[in-house]
């Protein structure tokens, strides 16, 4: 292929006289890469020298120590393509775990056996399987970039550790009503929004009046508050979504309505603080006589109540802003059991009679016999 996009950047990839030339386009666009490719081909045809890394240079790059490339990757790739919070997590994984273990190893020597040693070491250090899997995701991304840049022929296999199914904690309808009944003011409004719209904590903080569509009675989730950078960012997975407002949410927002700014602010007009909301949520749980919960439990409650009411998993996925349906499948067991209805078809009465008591097919049902 003459040009192709690798990690959100256009590259040229051509062969001339049995030699492969691959270089990043100075202009990150398809047209720019095509123009750059034409220039390189002209130089090769004239026999001009190219500022391309020769094969021995590639070998040197493949043999550099993991720690040297890892920070280069972090600065040029991770910081560019990830949100601030994700950048911080990758920095921590590199600094505290991956570089201390793989740091002195040449890039092309990081193999499957070494990865398995890393997993064993971290299990002995009592790290959770999910945490180790997160480290492997960072390591894999780093090595894939090295493979793209330096033509490393083979990537190590990274088998993820088994993790227990995620336990979903949510409130019953009665507990939700009790929680609202024992809450008041700003924090009751925040709890109501989380219960009836399923917003994440950062999305609740960043919700602005410009996100409310009064005529359609919907809100649009397009921002999230990042505690690490103390600034507004895009939502998780960069997914903008639209959520219809229930009547009680619409009434609450009308009562709080302002011309601009954040929706949930205190008397002085300042956004609500996470630590104070967590504190008030715990106190409300105590007053209501229910277990202490977190803000994310309110989001789980929103999704769980929808599933129990018969909402489709696809609709729940859209409302929650999940990147894939697998994340939403955690609520599947709460849905009215279509599996039960399916298995019920094996009952004799169900096999022979339809919904209106009419025989289905041949009323004299005969099982299929096997002849041997």
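Annotations
- For residue 183: the one exception among (1) crowded, with 18+ Cβ neighbours inside 10 Å; (2) in contact with a helix residue (DSSP H, G or I) (Cβ under 8 Å, 6 or more places away or on another chain); (3) assigned to a helix (DSSP H, G or I); (4) in the same structural domain as residue 306 (by TED's automatic domain parsing): (3)
- Of the residues making up region 192-212, just one is in a strand (DSSP E or B) and more than 28 Å from residue 177 (Cβ to Cβ), namely 208.
- Options 134, 162, 129: the member that is in contact with a helix residue (DSSP H, G or I) (Cβ under 9 Å, 6 or more places away or on another chain), exposed (fewer than 13 other Cβ atoms within 10 Å of the Cβ) and either under 30 Å from residue 77 (Cβ atoms) or outside the structural domain of residue 246 (by TED's automatic domain parsing) (or both): 162
- Counted residues, region 186-211 - those being surrounded by 20 or more Cβ atoms within 10 Å (Cβ to Cβ) and in contact with a strand residue (DSSP E or B) (Cβ under 6 Å, 6 or more places away or on another chain): 5
The values are calculated or read from the model by the stated rules, or taken from the named source; none is laboratory data. All values derive from a computational prediction rather than experimental measurement. Note that each Cβ is placed from the backbone with ideal geometry, even for glycine, and that neighbours are counted across all protein chains shown.
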